[in-house]
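Asker: Mind looking over this structure? Questions follow.
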Amino acid sequence: MTVLSSQTRKENIEKMASGPLDVLIIGGGITGAGLALEAGAKKMHAGLVEMQDFAAGTSSRSTKLVHGGLRYLKQFEVELVADVAQERTVINQNAPHIVQPRKMLLPVYDEPGASFSAFSAEVALDLYDRLAKVEGEWRHSIITREEVLETEPSLKEEGLVKGGLYLDYLNDDARLTLEILKKASELGTLLANYVKAVAFLYDADGKITGVKAEDVLTGDQVDIQASVVVNATGPWSDEVRKKQRAEESERMYPTKGVHLVVDSARLPVNRTIYTDTGLEDHRMIFVIPRKGKTYFGTTDTPYKGELKEPSITEEDIDYLLKAVNHRFPNANLTIDDIETGWAGLRPLIREEGSKDPSSISRGHEVFVSKDGLVTIAGGKLTDYRLMAEDTFPVIEKELKEKTGRTFETVDTRTITLSGGDVPKDQTFEEYVTDAVEKGMAIGLSEEDARELVEWYGTNAETVFQMKDRIDDKGRLPLNVSLALHYALEYEMALTPVDYFLRRTETLLFASERIDDLKEPVLDYMTRYFDWTEPEKDKWTSELEDAIRKTQLQYVKE
């Protein structure tokens, strides 16, 4: 398995600066990760830089589902739904430890503003199955009002007509992004987080030939030469394009999505529910059980402001609480019930030259600037692979014109992601059972071993091997110290927030453990990186700030 450590990062920066790349990708979210994977598969000399941590932007702030966009059928975006819905199966096959199929519930209400009637819900779910090519036991089924309430007794009874059970997929967005990047690294793509493209390099004809990049952690700058530079920065796409010499119109129209987390005892649900808000606003929300918690969202509001850390406002909270309490009338949730939350930005695109929000696209688009910058923007988490497929003909055309080189065709549908190498004669569930035994053999409880296997897939065996290398002086539970050391050695985790928020989901779904874990984790990382006291203080402060924001202390005060 390819090592991805702080030392790897240092070496990768040096390698990227030492000679021209075929392609340099700016952006380490899901879109950039998909490009990095395909570049590696094509045996290109490729690199990727990300100004924050991998997946720190939109790609760790989604609804954490790989879903096919059922709601887009209401907008008659049939082609988009077909493409995205079929991709769910591909991702599940390539990353069975991350993306798992589940039957989700669509309750149907007879009320003003309802998205679906009893008739249209059945038509939509049937079309959804057909577009996604769903067969057998996973095809949708229509259940009675009584059956809906039997499985989800907390739902509002008034106006409930029936329900639909349909296929969608659970996911962890940051972990999916990381596993794609790890596979890209294995295939030869050079990766470095916390490296910002601060300016473009140009040739005598005024065409982009690379970037001036800054190591955000040290302040050092290097020039990275590349035949093609790709802007895959999501909501930051316009910000990157503005660094060019030639002026271009803004194309991005970001909207903000907010999700909130409560204890499952306060909002018990047995499966993912996708429902109208009931507020006559033509909006739908997800309500999703996860590891003893329930989270719900999302909002969809136009956003202007700081892209790096969009905040959750009282207005966002009031809206989601009103919607959930309307649909679950006995919950009576208040702001005090909210344990954590997160906000993310959708990188939506408007038509070139348009300022009209009605021209916003839910799809993706590839465009090349006058200076030669290739930009891929828009899209959804689920169609990251399709976005890469659509971008590479443009990249390869540019490369052929500049270098005369051509590259082999690859089918990324068949490339297993890191952690997904389940033996062909086993299902993932069967693999988990066998691997849990290996975890228990090193002293883990069955519960902890299972959690690690389900989180890391076949990489769990490498995680178990960390036992002889950890040095936590017994202050951390074994499962935590294993995951931490693995994150440092194999997932380029550089800060405590990287670990707590994106290498694991402790900050979001186990925030009650943070007070016990933060000091020993900080001490472990201080020894590992040999931080000075001022450096440790800096990362401690960053972690405390992330805890405050994630737990919404700034709103509750």
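Derivation of every value follows stated rules applied to the coordinates shown; laboratory data play no part. Because the structure is a prediction, the values reported are computed rather than measured. Please note: Cβ atoms are built from the backbone with ideal geometry, for glycine as well, and neighbour counts cover all protein chains shown.
Asker: Hey, got a sec? Which trypsin sites (Lys or Arg not before Pro) in segment 1-78 land in a DSSP loop and have at most 11 other Cβ atoms within 10 Å?
Answerer: Working: sites: ARG9, LYS10, LYS15, LYS42, LYS43, ARG61, LYS64, ARG71, LYS74; in loops: LYS42, LYS43, ARG61, LYS64.
Listed in order of number, the matching sites amount to none.
Asker: Related question: Please report, in whole Å³, the volume per residue of the convex hull around the C-alpha atoms of segment 15-117.
Answerer: Values: hull volume 15.7 nm³, N = 103.
In segment 15-117, the Cα convex hull volume per residue is 153 Å³.
Asker: Hey, another quick one. For the peptides 321-329, 340-348, what is the packing order when you average, over each peptide's residues, the other Cβ atoms within 10 Å and list the highest mean first? Could the numbers behind the result be given before it?
Answerer: On the way: 321-329: 18.8, 340-348: 23.3.
Highest to lowest by the protection proxy: 340-348, 321-329.
Asker: Also, quick follow-up: Set Lys and Arg Cβ to +1 and Asp and Glu Cβ to -1, take the dipole of segment 405-557 about its Cα centre, and tell me which of THR532, GLN465, ASN479 lies farthest positive.
Answerer: THR532
Asker: At 0.36 nm per residue, minus the direct Cα-Cα distance, what do VAL123 and GLU315 gain on full extension? Give it in nm, one decimal, please. If you can, show how the numbers build up before the last one.
Answerer: Numbers: separation 192, 0.36 × 192 = 69.12 nm, distance 3.51 nm.
Extending this stretch completely gives an extra 65.6 nm.
Asker: Counting other C-beta atoms within 10 Å, which of GLU489, GLU38 has the fewest, and how do the rest follow? Provide the component values of the computation, followed by the final result.
Answerer: Working: GLU489 21, GLU38 26.
Fewest-to-most ranking of GLU489, GLU38: GLU489, GLU38.
Asker: Pulled fully out, how much extra length does the chain show between THR433 and ASP537, if you take 0.36 nm times their separation in residues and subtract their Cα-Cα distance?
Answerer: Working: separation 104, 0.36 × 104 = 37.44 nm, distance 4.20 nm.
This chain segment gains 33.2 nm when fully extended.
Asker: So, one more: Using the reciprocal of the averaged 1/r over all distinct C-alpha pairs, how large is the Kirkwood radius of segment 290-331 in Å? Don't skip to the end; give the middle numbers.
Answerer: Details: mean 1/r = 0.0819 Å⁻¹.
In segment 290-331 this quantity evaluates to 12.2 Å.
Asker: Continuing with the same structure: Determine the calculated [θ] at 222 nm for the chain from helices alone, applying -39500 (n - 2.57) to every DSSP H run no shorter than 4 residues and normalising by the residue count; nearest 500 deg cm²/dmol.
Answerer: Taking each H run of at least 4 residues, the total per residue is -11000 deg cm²/dmol.
Asker: If one puts a single equal scatterer on every Cα of segment 222-294 and applies the Debye formula without solvent, what log₁₀ I(q)/I(0) results at q = 0.14, 0.15, 0.17, 0.25 Å⁻¹?
Answerer: -0.71, -0.74, -0.79, -1.19
Asker: On to the next question. Which FRET efficiency, nearest 0.05, do LYS196 and ASP516 yield, Cβ-Cβ r, R0 35 Å?
Answerer: Plugging the Cβ-Cβ distance into 1/(1 + (r/R0)^6) gives 0.55.
Asker: Using alpha carbons only, how many angstrom separate the centre of segment 525-557 from the centre of segment 47-126?
Answerer: Using only Cα atoms, the two centres lie 34 Å from each other.
Asker: Highest first, please rank the peptides 137-144, 401-408 by the mean number of other Cβ atoms sitting within 10 Å of their residues.
Answerer: Working: 137-144: 14.8, 401-408: 11.0.
Most protected by this proxy first, the peptides run 137-144, 401-408.
Asker: Which of the pairs LYS183/LYS424; LYS370/LYS397; LYS293/LYS424; LYS293/LYS549; LYS43/LYS370 have their Cα atoms more than 22 Å apart in this structure?
Answerer: Long pairs (Cα-Cα over 22 Å): LYS293/LYS424; LYS43/LYS370.
Asker: When Rg is the radius of gyration of the Cα atoms in segment 194-253 and Rh is its Kirkwood radius, what does Rg/Rh come to? Don't skip to the end; give the middle numbers.
Answerer: Details: Rg = 12.1 Å, Rh = 12.4 Å.
Rg divided by Rh gives 0.98.
Asker: Then there's this: For the chain, report the translational diffusion coefficient in µm²/s to the nearest whole number, using Stokes-Einstein at 37 °C, 0.692 mPa s, and a Kirkwood Rh over Cα pairs. List each step's numbers first, then the result.
Answerer: Values: Rh = 24.4 Å.
Approximately 135 µm²/s, per Stokes-Einstein.
Asker: Given a Förster distance of 22 Å, report the FRET efficiency between ASP421 and THR151 from their Cβ-Cβ distance, rounded to the nearest 0.05. List each step's numbers first, then the result.
Answerer: On the way: r = 35 Å, r/R0 = 1.60.
For ASP421 and THR151, the calculated efficiency is 0.05.
Asker: Roughly how many nanometres apart are two label points built 7 Å out from the Cα toward the Cβ at LYS212 and LYS556?
Answerer: Calculated label separation equals 4.5 nm.
Asker: If you take the Cα Rg of segment 428-556 and divide it by 2.2 N^0.38 Å, with N the number of residues, what do you get?
Answerer: Working: Rg = 15.2 Å, N = 129, 2.2 N^0.38 = 13.9 Å.
The value comes to 1.09.
Asker: Which whole-number percent is the relative contact order of the chain (Cα, under 8 Å, 6+ apart)? Each step should come with its number before you reach the end.
Answerer: Values: 1079 pairs, mean separation 105.6, N = 557.
Value for the chain: 19 percent.
Asker: Here is a further query. With an 8 Å Cα cut-off and a minimum separation of 6 or more residues, compute the relative contact order for segment 428-556 in percent.
Answerer: On the way: 92 pairs, mean separation 21.9, N = 129.
The value is 17 percent.
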